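The values are calculated or read from the model by the stated rules, or taken from the named source; none is laboratory data. Small disclaimer: the values here were computed from a predicted structure and weren't measured. Note that we place each Cβ from the backbone using ideal geometry, even for glycine, and neighbour counts take in every protein chain shown.
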Amino acid sequence: MRVRILQIVTVIAALGVWEVVARMGWVDPLFVPAPSAVAPALLKIGRGALAGLADTLGKTAVAYVLSVVLGVSAGVAVGSIRLLREVLSPYVIAFYGIPKILVLPWIVLLLGYGTTPAVFYGVLHGFFPIMVLVMGAVRDVDRTLVAVARSLGATTWQLYWKVLLPAIVPSVLGGMRLGVVFCLLGVLVVEMFAGVRGMGHVLGSYANGFQAPELFAATALVSAASIAIVLALDHLNDRLSRWRG
Amino acid sequence: MSARPELITIEGVTKRYLTSSGPVDALHDVSLSVEEGAFCTLIGPSGCGKSTLLGMLGGLVTPDRGRLLVDGRPVTGPDPRRVATVFQEAGLFPWRTTLQNVEFGLELQGVPAERRRQTAAELLGPLGLSGFAEKYPRELSGGMKQRVAIGRALALDAKILLMDEPFGALDEQTRLLMGEWLLDIWRRTRKTVIFVTHSLHEALFLSTRVAVMTARPGRIKTALDLTMEYPRAMESSEMVALRAKLWSEIREESLRAMR
Amino acid sequence: MTVVGLRLGLLALFLAIWEIAGRKVNPLLGVPPSAVLPSLRDLLLLRSYPDLPASLWLTIREIGTAYALAVAAGLGCGFVLGMHRLVGRAWGPMLAALYAVPAVVWYPSLMLFFGLDAASKIAFGFLLGFFPIALAVLAGIRQVNPQLVVVARAYGAGTATVFRRVMLPAMLFTLVGGLRTGLVLCVIGVVVGEILGSKAGMGALINHAYGLLRTGDYVALVLVTLVLVVGSDVLASLLERRARRWTE
């Protein structure tokens, strides 16, 4: 309860300080508009921004589904086959770690402007964290559970289906939570770099046009959408894992 | 000796593991036979290969040399219809309820859902788990978890039950009660049990036969047949003398293992 | 041994496929490895981009500044949140919620505010690096075994001693991990900022090569930037290892 109050007070205080700072002219309102100027801008950009958001979220959804399906399958395959894991893991870690922004120009050269590079780049961002997490989870499955299943005569198929897959559900859910933010990030970056539509493009053009209130409003909109998605996934996560307590 | 047929025959079994710090001889030329309906305990210092021997009987470990016969047939792999294993850690599937854990083995065998549910449900009473059918492992105490694991093995109705220190992780009081409970289950089901333990008390309280193993590489040092009636009075002079004898055998090996 | 062989084999196979595919497609799009080497040589001999050292140095300075700010703010913020239970419980989740927003959405605002020069890159690198450091401090404080603190207090340790002798060693592992992640993200933030819009630095050079479809130069510049990225992480991992040895 006190926590909740403190959170609300913090937000109000931050907005208040921001408002005062902007009103007093300590910062240039051209760059940092007061909250009271951002709110009307939110209404003004409404329709166009929502269309952009829908476009971005659509691409993100496609990239996300691909990332989860590919990431989980690759993670299970590489994680459960020892030779594959030992040979591939340095490459996987390397690809996970390098800044993917460096290949972005090349992707745009190859795939052009529009939806395809955005989805591809989104998958590039979403795939690796999911795969790395799942790979680790498969490797770390409790050996006793595997021994139990084998002693009870489990076939290889049954080992995967009844032991490995249920055991990695928490990691898959964790990866899905992480992955969605990465996918959205990838899509937004492409839209900023070489977009003709979508929220990344909208943000970029407001920034280039020095439309600070609109830019802040649009930023708030994307952030809210992203937080809502992650909270929804968290909720789903809690529902699906009663056995974890 | 009784004239009951031998159910398990172990002949000249040897196993060497290759580890990063060189080869380790886990078992050397182990021979042992266990007759049907026996409760045979393997006892010995840590690392003497008791678990390896059990793993071989369960078909999870292959010997380098020697052979293992169960019911006259060589062991080639896990055969849950004849041999069921209970591990030291209960190894319950955390995403399955008590009932679902107990029926797991039957599920793997392709037993229809309704029948396996019924078999598992009937077991819960004797396991002392009625009312816990829908609980998840994290909601159970250590003793309960181990009973679920034993139930999972019993559900298969295999003739042989292998138990690898099933009560090793429990506190002493729970352990004593679980011993009494297991004795009761064994006398009712007439399974053949191979039981690995570090506890002299458990060995003397439960077994018809106690095999003392040597320090690594593990061999059978002595095997005692116990013929006293159940339930055994642990304070009787006969038991106290047996306990002292058993301890002197094990103490020597444990000292060697510590060196 | 086999594993290393297979790894190298895989790498060779990858390069071979790249070489064959790179020769087949339009030379503006595909660059076979054999074509990258001359570009790389020209780049390193400062023939194609004479301002490479200046650009590299600018990018490194941006990274350094961003990281210094991120470490200072991340440690400060993390300790304040970690030491005050109520503040921590209220602000921790808010910090985590902000972490759930893809950071790049802040970049246009930063660009508007700080302009196209180094300041916006530093700000973005700072923003990316700050979160893992602050969250690592929080996690580190939470994982200190309270029993140890009780024991230390029972032996008469004061707050400062408890902090220095108990808390810091116990949380160092997590803390150093966070500092390393923070550096990686700082580097990524600066490079992303430069590529999304800048007038100087490695990102600007990459954009220049890409804009003129000088694909060979582009790949060579990417490789140089990668050396910078990987180098900074190697440096961080060496420091991490040292810190770990110190705790043991």
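Tally time: how many residues in the stretch B:106-130 are under 15 Å from B:Thr189 (Cβ atoms) and of a type in the set (Asp, Glu)? Residues in the stretch B:106-130 being under 15 Å from B:Thr189 (Cβ atoms) and of a type in the set (Asp, Glu): 1 in total.
Among the residues of the stretch B:128-159, just one is over 30 Å from B:Gly44 (Cβ atoms), outside any helix (DSSP H, G or I) and basic (Lys, Arg), namely B:Lys135. Across the stretch B:95-127, the number of residues qualifying as more than 19 Å from B:Gly58 (Cα to Cα), assigned to a helix (DSSP H, G or I) and of a type in the set (Val, Ile, Thr) comes to 2. A single member of A:Ser73, A:Ser36 is under 30 Å from C:Gly9 (Cα atoms) and of a type in the set (Ser, Thr, Tyr), and it is A:Ser73. Would you confirm whether any residue within the stretch C:65-76 is loosely packed, with under 14 Cβ neighbours inside 10 Å, more than 27 Å from C:Leu205 (Cα to Cα), of a type outside the set (D, E, K, R) and free of Cβ contacts under 8 Å to residues at least 60 places away in the same chain? Taking every residue of the stretch C:65-76 in turn, at least one turns out to be loosely packed, with under 14 Cβ neighbours inside 10 Å, more than 27 Å from C:Leu205 (Cα to Cα), of a type outside the set (D, E, K, R) and free of Cβ contacts under 8 Å to residues at least 60 places away in the same chain.
How many residues does the stretch C:21-55 hold that are outside any loop (DSSP other than H, G, I, E, B), of a type outside the set (Lys, Arg) and exposed (fewer than 11 other Cβ atoms within 10 Å of the Cβ)? Total satisfying the criteria: 1.
Being part of a loop (DSSP other than H, G, I, E, B) and surrounded by 20 or more Cβ atoms within 10 Å (Cβ to Cβ) is a property that B:Leu92 has.
C:Asp42 satisfies every condition listed in (1) within 27 Å of the chain's Cα centre (by Cα); (2) more than 14 Å from chain A (Cβ to nearest Cβ) except (1). Restricting attention to the stretch C:187-201, and to residues there that are more than 9 Å from chain A (Cβ to nearest Cβ) and more than 15 Å from the chain's Cα centre (by Cα), which single residue is surrounded by the most Cβ atoms within 10 Å (Cβ to Cβ)? Only one residue tops the list, namely C:Gly201.
Here A:Leu184 clears all of (1) more than 7 Å from every other protein chain (Cβ to nearest Cβ); (2) touching a residue at least 12 places away in the same chain (Cβ under 8 Å) except the condition numbered (1). Among the residues of the stretch C:120-140, is any of a type in the set (Gly, Ala, Ser), away from chain A (no Cβ under 14 Å) and closer than 23 Å to A:Leu215 by Cβ? Taking every residue of the stretch C:120-140 in turn, none turns out to be of a type in the set (Gly, Ala, Ser), away from chain A (no Cβ under 14 Å) and closer than 23 Å to A:Leu215 by Cβ. Residues that are more than 12 Å from the chain's Cα centre (by Cα), surrounded by fewer than 24 Cβ atoms within 10 Å (Cβ to Cβ) and farther than 22 Å from B:Gln109 by Cβ within the stretch B:139-169 comprise B:Glu139, B:Leu140, B:Ser141, B:Gly142, B:Gly143, B:Met144, B:Lys145, B:Ala169, listed in sequence order. Among residues of the stretch B:44-61 that are more than 13 Å from chain A (Cβ to nearest Cβ) and closer than 22 Å to B:Asp79 by Cβ, those with a Cβ under 9 angstrom from a residue that is among the acidic types (Asp, Glu) and not in a helix (DSSP H, G or I), sequence gap 6+ or separate chain, pair up as B:Gly49/B:Asp25; B:Lys50/B:Asp164; B:Lys50/B:Glu165.
Output the residues belonging to the stretch C:84-119 that are assigned to a loop (DSSP other than H, G, I, E, B) and either within 12 Å of chain A (Cβ to nearest Cβ) or closer than 22 Å to A:Ala224 by Cα (or both). Can you show your working first?
The initial filter retains those residues of the stretch C:84-119 that are assigned to a loop (DSSP other than H, G, I, E, B), namely C:84, C:100-102, C:115-117.
Passing the criteria: C:His84, C:Ala100, C:Val101, C:Pro102, C:Gly115, C:Leu116.
Table: residues versus (1) surrounded by fewer than 21 Cβ atoms within 10 Å (Cβ to Cβ); (2) within 16 Å of the chain's Cα centre (by Cα).
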site	(1), (2)
A:Val187	no, yes
A:Gly204	no, no
A:Ala225	yes, yes
A:Ala228	yes, yes
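Rundown of residues vs (1) on the phi < 0 side of the Ramachandran plot; (2) at the interface with another protein chain (Cβ under 8 Å from one of its Cβ atoms); (3) at pLDDT 90 or above, yes/no style:
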site: A:Ser89; (1), (2), (3): yes, no, no
site: A:Val119; (1), (2), (3): yes, no, yes
site: A:Val146; (1), (2), (3): yes, no, yes
site: A:Gln158; (1), (2), (3): yes, yes, yes
site: A:Trp161; (1), (2), (3): yes, no, yes
site: A:Leu165; (1), (2), (3): yes, no, yes
site: A:Ser171; (1), (2), (3): yes, no, no
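When C:Met171 is tested against (1) among the aliphatic types (A, V, I, L, M); (2) within 17 Å of the chain's Cα centre (by Cα); (3) away from chain A (no Cβ under 12 Å), exactly one condition is not met: (2).
Mind listing just one residue for me: the one in the stretch B:223-257 that is without any contact (Cβ under 8 Å) to a residue 40 or more places away in the chain and closer than 17 Å to B:Ser46 by Cα and, of those, surrounded by the fewest Cβ atoms within 10 Å (Cβ to Cβ)? Walk me through how you get there before you give the answer.
Applying the first criterion (without any contact (Cβ under 8 Å) to a residue 40 or more places away in the chain) to the stretch B:223-257 yields B:224, B:226-229, B:232-242, B:244-245, B:248-249, B:251-252, B:255.
Okay, now just the ones that are also closer than 17 Å to B:Ser46 by Cα, so B:248-249, B:251-252, B:255.
Working: B:Ser248: 9, B:Glu249: 17, B:Arg251: 11, B:Glu252: 15, B:Leu255: 11.
In this case the residue turns out to be B:Ser248.
B:Ala84 meets each of the listed conditions (1) touching a Pro at 6+ places or on another chain (Cβ under 8 Å); (2) surrounded by 15 or more Cβ atoms within 10 Å (Cβ to Cβ); (3) not in a loop (DSSP other than H, G, I, E, B) apart from (1). With respect to (1) more than 23 Å from B:Arg209 (Cβ to Cβ); (2) touching a residue at least 12 places away in the same chain (Cβ under 8 Å); (3) small (Gly, Ala, Ser), the lone exception for B:Ser21 is condition (2). The residue that is surrounded by the fewest Cβ atoms within 10 Å (Cβ to Cβ), among those in the stretch B:20-60 that are among the hydroxyl-bearing types (Ser, Thr, Tyr) and closer than 20 Å to B:Arg259 by Cα, is B:Ser21.
Just one of the numbered conditions (1) crowded, with 22+ Cβ neighbours inside 10 Å; (2) free of Cβ contacts under 8 Å to residues at least 24 places away in the same chain; (3) not acidic (Asp, Glu) is not true of B:Ala121: (1).
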